[in-house]
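Visitor: The structure under discussion is supplied below as structure tokens; questions concerning it will follow.
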Amino acid sequence: MSDRPVLLITGASSGIGESTARRAAEQGYRLVLAARREDELRSLATELGGDEVAVAQRCDVTDWAEVEGLAEASMARFGRIDAVFANAGFGARRGFLEESPEQWRAMLDTNVLGVALTIRATLPHMLGADEGHYVITGSVAGRRVLPGSLYSATKWAVGAIAEALRQELRQMHHNNTIRVTLVAPGMVDTPFFDEQPSDALAADDVAAAVLYALSQPGRVDVNEVLLRPAAQAS
């Protein structure tokens, strides 16, 4: 049991995070599951095998103390962090006259700062082990500008964070053993949307891409996975 790798997932209570947890458990990972919805997390952790396999930890990724505590919980329970899936995030209606400034701030803090804090809390452990893998949830919206979309701007920032981390590892830490993957899906059928989209990816499709990147041999650094529904035109 102690040799099984440990994957930490933020935004794990539903959608892409939940689907990734299920796939990872099937492939032998032990899991540290984080989200703000503690009841859903605990139910998922129990379903996946309980304390020996999955730890549920309530975490608001915009709160440094909670994110730091998440990394500490992983080390205390399993003694290692082999991979991190920085997945927590949410969106907003398009239009700079839509939503509220408070909602914008919460989205920016979660989608951008939350990724950076997750990296900050876990990177010392990966550097100490001299190995690991970061997978970060981006979006097709982070590759092309969408009219009136502040969400799109947050995903452009996430893409920059992923590449900035990769370059920091190679150039500042002289590390070639910690890998970084940006997974950028198009429209996905998850609770992200108020109305179920048609012809969308399933959350499990994205989870499969995450596990694909994680499963590559150490010499392979899959830097980006872009996946769209076959029916998505742009």
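Visitor: Pairing the Cα long axis of helix 15-26 with the longest principal axis of the chain, what angle in degrees results, from 0 to 90 and rounded to the nearest 10?
Guide: Helix 15-26 sits at roughly 30 degrees to that axis.
Visitor: With runs of 4+ DSSP H residues as the only contributors, calculate the mean residue ellipticity of the chain at 222 nm using -39,500 (n - 2.57) per run, divided by the residue total and rounded to the nearest 500.
Guide: That calculation yields -12500 deg cm²/dmol at 222 nm.
Visitor: Given H placed 1.01 Å from N in the peptide plane, which residues other than close sequence neighbours of H133 have an amide H under 5 Å from its amide H?
Guide: A83, V84, R179
Visitor: Of all alpha-carbon pairs in the chain, indicate the percentage at a distance above 25 angstrom.
Guide: Looking at the chain, the distances longer than 25 Å represent 36 percent of pairs.
Visitor: Using only Cα atoms, tell me the angle between helix 203-214 and the longest principal axis of the chain; keep it within 0 to 90° and round to the nearest 10.
Guide: 50
Visitor: Moving to a separate point now. GluC sites (Glu not before Pro) within segment 18-77: which are DSSP loop residues with at most 11 other Cβ atoms inside 10 Å?
Guide: Sparse-neighbourhood loop GluC sites (Glu not before Pro): none present.
Visitor: With angles folded into 0 to 90 degrees, how steeply does helix 38-47 sit against the dominant principal axis of the chain? Use alpha carbons for both and round to 10.
Guide: Taking the Cα atoms of the chain, the angle to 38-47 is about 50 degrees.
Visitor: Once amide H atoms are built 1.01 Å from N in the peptide plane, which residues 5 or more positions from V225, or in another chain, come under 5 Å H to H?
Guide: When sequence neighbours closer than 5 places are left aside, the close amide H contacts are L182, V183, A184.
Visitor: For N175, what residues show an amide H to amide H distance below 5 Å, using hydrogens built from the backbone and excluding near sequence neighbours?
Guide: R170
Visitor: Further question: Taking the Cα centre of the chain as origin, work out the dipole magnitude from +1 charges on Lys and Arg Cβ and -1 charges on Asp and Glu Cβ, in debye rounded to 20.
Guide: On the way: 22 positive and 31 negative charges, 129 e Å.
The dipole magnitude comes to about 620 debye.
None of the figures in this text is laboratory data; all of them are computed from the coordinates on show. Quick caveat: nothing in here was measured; it's all calculated off a predicted structure. Here the Cβ is made from the backbone with ideal geometry for all residues, glycine too, and neighbour counts use every protein chain on show.
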